[in-house]
Amino acid sequence: MTNDQFSALLTNNLGPILAHYPITAKEIHVNEAGRQVTIWATGVPEFRAEVKDGEGTDWEYVGEYIFILDVDEEGRIDRILEFLDSLATERLGGLIGRAMKNLGKEGKAW
């Protein structure tokens, strides 16, 4: 995705259903010679109360992520590679679809 596409996804689709989606780094590895940073992280989406159709663990989700950041000579991020658990992400997609339906929106989040 481009930055504009990702921004639109967050604003239009996820903003109305998620209060927060904090990402926490578990490990960070720096490869100075290769100008890369690798981050192993978890993410826990916090769905807004008004989109939940019940209480309990149904809405709990923890995602696992690996980010590889390529950095240019000036120290700016040049490229980001993201790896995620595709099976778990399917479950998240289901939760997002359910939340959108509960909000009265139809469609796919991504």
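The values are calculated or read from the model by the stated rules, or taken from the named source; none is laboratory data. Only a predicted model underlies this, so the values are computations on that prediction, with no experimental measurement involved. Don't worry about glycine lacking a Cβ; one is built from the backbone with ideal geometry, like all the others, and counts go over all protein chains shown. Only protein heavy atoms, including side chains, enter the accessible area calculation; ligands, DNA and RNA are left aside. Shrake-Rupley method; radii C 1.70, N 1.55, O 1.52, S 1.80 Å.
In segment 1-26, the residues that are within 18 Å of Lys52 (Cα to Cα) and open to solvent by less than 60 Å² (accessible area, probe 1.4 Å) form Cβ pairs under 6 Å with partners that are at pLDDT below 85 and part of a loop (DSSP other than H, G, I, E, B), at six or more places apart or across chains, as follows: Asn13/Ala109. The residues on offer are Glu64, Glu90, Glu82, and the sole one that is of a type outside the set (Phe, Trp, Tyr), under 20 Å from Met1 (Cα atoms) and free of Cβ contacts under 8 Å to residues at least 12 places away in the same chain is Glu90.
Are any of the residues in segment 34-44 in a strand (DSSP E or B), within 21 Å of Phe6 (Cα to Cα), β-branched (Val, Ile, Thr) and touching a Gly at 6+ places or on another chain (Cβ under 9 Å)? Checked against the condition, which is being in a strand (DSSP E or B), within 21 Å of Phe6 (Cα to Cα), β-branched (Val, Ile, Thr) and touching a Gly at 6+ places or on another chain (Cβ under 9 Å), segment 34-44 yields at least one hit.
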